[in-house]
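The values are calculated or read from the model by the stated rules, or taken from the named source; none is laboratory data. Note that the structure is a prediction, hence the values are computed from the model and not measured. Virtual Cβ from ideal backbone geometry, glycine too; neighbours counted across all protein chains shown.
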Amino acid sequence: MQDMAPQRLRWIAIVLVVVLAGAASMFVPAIRTQVLRAAGRTLVITNAPAEPADIIVVAIDADGAGVLEAADLVHEGVATRVAVFADPPDPKDREFIRRGVPYEDRAARSIQQLKALGIEGTEQIPIAVAGTEDEGRVLPDWCDRRGFRSVVIVSLSDHSRRLRRVLHRSMKGRRTIVTVRSARYSAFNADRWWATRDGIRSGIVELEKLILDFVRHPVS
């Protein structure tokens with residue numbers, strides 16, 4: 001029975017997203033736009049003024065938008081160092097490696113981009129992660145080992161609310177204060193996400209994941 005719980009929660013989330021979209025489509029255009037805009041804004045946190053931190057971390061899925069945001073924060077004096085998560089090769093990458101094709105993972109590419117943007121203080125978090133839940137498991141112990149008191153982690157905007165909830169739970173009781181920051185260069189537009197195919201894909205997937213997180217952790 002316990003094995004079925006995640007699947008049931010997933011279907012609950014899918015149903016809720018479909019109901020939301022269906023209900024919105026029945027409204028007059030002005031109200032429909034308001035409903036969809038509110039849903040998009042639910043995914044995105046509002047950035048507070050950046051406070052000084054020991055280090056900036058780029059979330060595993062933040063890609064170029066996260067790199068640019070991290071570089072800007074360093075130039076603004078928030079921190080002097082930036083860390084990226086290790087990115088293990090997937091089956092496709094391993095096949096390229098087997099065939100002798102040079103492989104450059106996401107972490108290596110992000111570090112190169114940071115250095116090209118004038119950031120010399122870079123490092124790679126040695127434990128590979130595959131997603132948000134992994135980040136929530138890895139980050140607390142890594143911060144403890146390094147003795148960090150404050151960390152800023154940069155996320156894609158549509159992923160920022162859920163990441164903050166995950167890290168709020170995982171960092172509870174730790175001495176490190178972790179602040180999640182939404183990358184300003186993210187492609188997701190909370191006010192018009194339903195107008196493009198990529199926006200719809202990102203919006204629906206992240207709404208589903210956020211609803212699942214609320215269902216599993218009502219108080220977070």
Report task. Please specify each residue of segment 97-111 satisfying the condition of being in a helix (DSSP H, G or I) and either without any contact (Cβ under 8 Å) to a residue 40 or more places away in the chain or not assigned by TED's automatic domain parsing to the domain that holds residue 128 (or both). Result -> 97, 98, 107, 108, 109, 111
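Please verify whether residue 22 is farther than 30 Å from residue 142 by Cβ, at pLDDT below 90 and outside any loop (DSSP other than H, G, I, E, B), treating the condition exactly as stated.
yes
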Query raised in the report: Among (1) in contact with a Leu (Cβ under 9 Å, 6 or more places away or on another chain); (2) not in a loop (DSSP other than H, G, I, E, B), which single condition is residue 79 missing?
Result: (2)
Requested in this report: Just one of (1) farther than 21 Å from residue 164 by Cα; (2) within 19 Å of the chain's Cα centre (by Cα); (3) exposed (fewer than 14 other Cβ atoms within 10 Å of the Cβ) trips up residue 107, so point out which.
Outcome: (3)
Query raised in the report: Hey, does segment 180-188 have a residue that's in contact (Cβ under 8 Å) with a residue 24 or more places away in the chain, over 30 Å from residue 146 (Cβ atoms) and surrounded by fewer than 18 Cβ atoms within 10 Å (Cβ to Cβ)?
Result: yes
Requested in this report: Six or more apart or on different chains, Cβ under 7 Å: which pairs go from a residue in segment 122-136 that's modelled with pLDDT of 90 or more to one that's crowded, with 16+ Cβ neighbours inside 10 Å and hydroxyl-bearing (Ser, Thr, Tyr)? Could you list them?
Outcome: 136/170
Report task. Taking only segment 79-117 into account, find how many residues are farther than 17 Å from residue 62 by Cα, touching a helix residue (DSSP H, G or I) at 6+ places or on another chain (Cβ under 7 Å) and at pLDDT 95 or above. Result -> 2
Query - Yes/no for residue 150 being touching a strand residue (DSSP E or B) at 6+ places or on another chain (Cβ under 6 Å), hydroxyl-bearing (Ser, Thr, Tyr) and farther than 22 Å from residue 185 by Cα - result: yes
